[in-house]
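The values are calculated or read from the model by the stated rules, or taken from the named source; none is laboratory data. Keep in mind that this is a model prediction, so the values were computed, not measured. Methodologically, a virtual Cβ is constructed for each residue, glycine included, from the backbone with ideal geometry; neighbour enumeration extends over all protein chains shown.
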Amino acid sequence: MIQIANPIYDSVFKYMMQNKKVCMILLGALLNVDIVEVDIVRNELIRANLKGFGILRLDFLAKVKKDDNTFEMVSIEVQKAEKDTEIVRFRRYLSRLYDTEAYETKTVKKKNRKDEEVDVIVETPIHIVAIYFLGHPLKDVTEPVVYYTPKATNAVGEPVKNVDLNPFFKYMSHETIVVQIPYLRKNARSRVEEFLEIFDQSNVVPNNVHCLMLDNLDNKPEGYNLVVRQLASAIADREVKMAMSIEDEYASDIEDRTELEEIVEEQKEKLAEQKEQLSQQKEQISQKDAQLSQKDAQLSQKDAQLSALVKTLFSMGLSRKDISEKINIPLEQLNKLLD
């Protein structure tokens with residue numbers, strides 16, 4: 001058994017990947033290629049704002065040995081997010097790679113208009129692979145590791161051969177590898193999953209989320225123990241330990257903010273409902289007032305008609321008593337209409 005620092009923490013992940021040998025082993029296992037050289041191009045933690053969750057972004061330039069013993073430069077972008085985040089941010093950071101970094105410059109000999117041989121700097125695109133380590137599960141997808149590669153078909157849906165050999169298609173698209181940490185399992189089915197056991201959160205040490213306990217180090221792929229030793233050494237690194245504690249505080253602060261925001265939003269929804277109810281009540285009262293006004297107008301109209309009728313009958317010489325009996329109204333009311 002061996003205790004290692006938990007690489008779900010950004011600080012531990014960075015510490016692990018800063019070791020070039022470990023970096024080549026882990027990236028080589030994920031890509032299933034032989035990486036002979038690697039350089040870290042970018043190493044940054046990006047936070048959209050004080051309320052947003054962070055994205056750790058690591059860019060690597062790797063020299064890959066191909067099956068025909070030739071070499072190819074590959075640009076590898078690793079993004080890691082522990083909490084659910086916006087896809088837009090992932091796309092934005094990847095677009096920067098396409099825009100400025102995924103090129104290799106070479107000096108070649110060319111002839112100018114005077115037929116003189118001169119040195120010309122040429123930009124050559126580099127194959128891009130995007131790797132995402134997610135601390136949260138994606139909806140409807142439960143595989144711990146997903147490889148997504150663009151497929152080429154013709155107009156009737158049939159596969160097109162040799163597309164991967166053409167630089168236009170190769171450099172105008174990229175491969176994507178997604179690692180869903182919550183779905184990593186103990187019974188690894190492949191070399192890749194064996195390496196990714198170092199992220200399995202079911203191995204968390206009781207009462208210490210900063211550490212994992214690995215209990216099976218036998219019959220592991222070549223290089224696995226080197227990766228484990230790097231993570232074991234991270235436990236003793238004072239800066240890494242301090243950084244993990246800071247990440248915990250930040251996460252706790254985010255959770256408190258989120259809980260408070262949820263309470264505020266709930267109160268806002270209740271107030272909105274109350275306002276809607278008051279608005280409906282006001283509308284009902286307004287409708288009733290309108291109905292009462294209409295009834296008052298009708299009553300006034302009836303009173304005016306009754307008054308006119310009484311005065312007409314009285315002018316024709318009928319007595320007040322006769323009029324009262326004829327139109328069936330009290331004598332007192334009749335007197336008010338005539339006086």
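Brief remarks on what is shown
- Residues (assigned to a helix (DSSP H, G or I) and within 24 Å of the chain's Cα centre (by Cα)) located in the stretch 167-193: ILE181, PRO182, TYR183
- From the list GLU101, GLU117, the one residue that fits, being out of contact with any His (no Cβ under 9 Å at 6 or more places or on another chain), modelled with pLDDT under 80 and of a type outside the set (Phe, Trp, Tyr), is GLU101.
- GLN230 vs. criteria at pLDDT 85 or above and within 37 Å of the chain's Cα centre (by Cα): yes
- Among residues of the stretch 61-86 that are under 22 Å from VAL12 (Cβ atoms) and at pLDDT below 85, those with a Cβ under 9 angstrom from a residue that is in a strand (DSSP E or B) and among the β-branched types (Val, Ile, Thr), sequence gap 6+ or separate chain, pair up as ALA81/ILE55; THR85/ILE55.
- Members of the stretch 228-253 found to be touching a Phe, Trp or Tyr at 6+ places or on another chain (Cβ under 7 Å) and part of a helix (DSSP H, G or I), listed by number: ALA234, VAL240, MET244, GLU247
- For the stretch 207-227, a residue qualifies if it is surrounded by fewer than 17 Cβ atoms within 10 Å (Cβ to Cβ), on the phi < 0 side of the Ramachandran plot and over 30 Å from the mean Cα position of the chain (by Cα), and the qualifying residues are MET213, ASP215, ASN216, LEU217, ASP218, PRO221, GLU222, ASN225, LEU226.
- Any hit, the stretch 197-206, residues being buried (at least 17 other Cβ atoms within 10 Å of the Cβ) and among the acidic types (Asp, Glu): yes
- Condition met for ALA272 (at pLDDT below 85, over 32 Å from the mean Cα position of the chain (by Cα) and either in a helix (DSSP H, G or I) or small (Gly, Ala, Ser) (or both)): no
- The residues listed here are LYS170, LYS186; of these, the one that is loosely packed, with under 12 Cβ neighbours inside 10 Å, charged (D, E, K, R) and under 24 Å from ALA29 (Cα atoms) is LYS186.
- Contact annotation: residue pairs with Cβ atoms under 8 Å, 6 or more positions apart or on different chains, pairing a residue in the stretch 197-224 that is assigned to a helix (DSSP H, G or I) with a partner that is basic (Lys, Arg), are GLU197/LYS186; SER202/LYS186.
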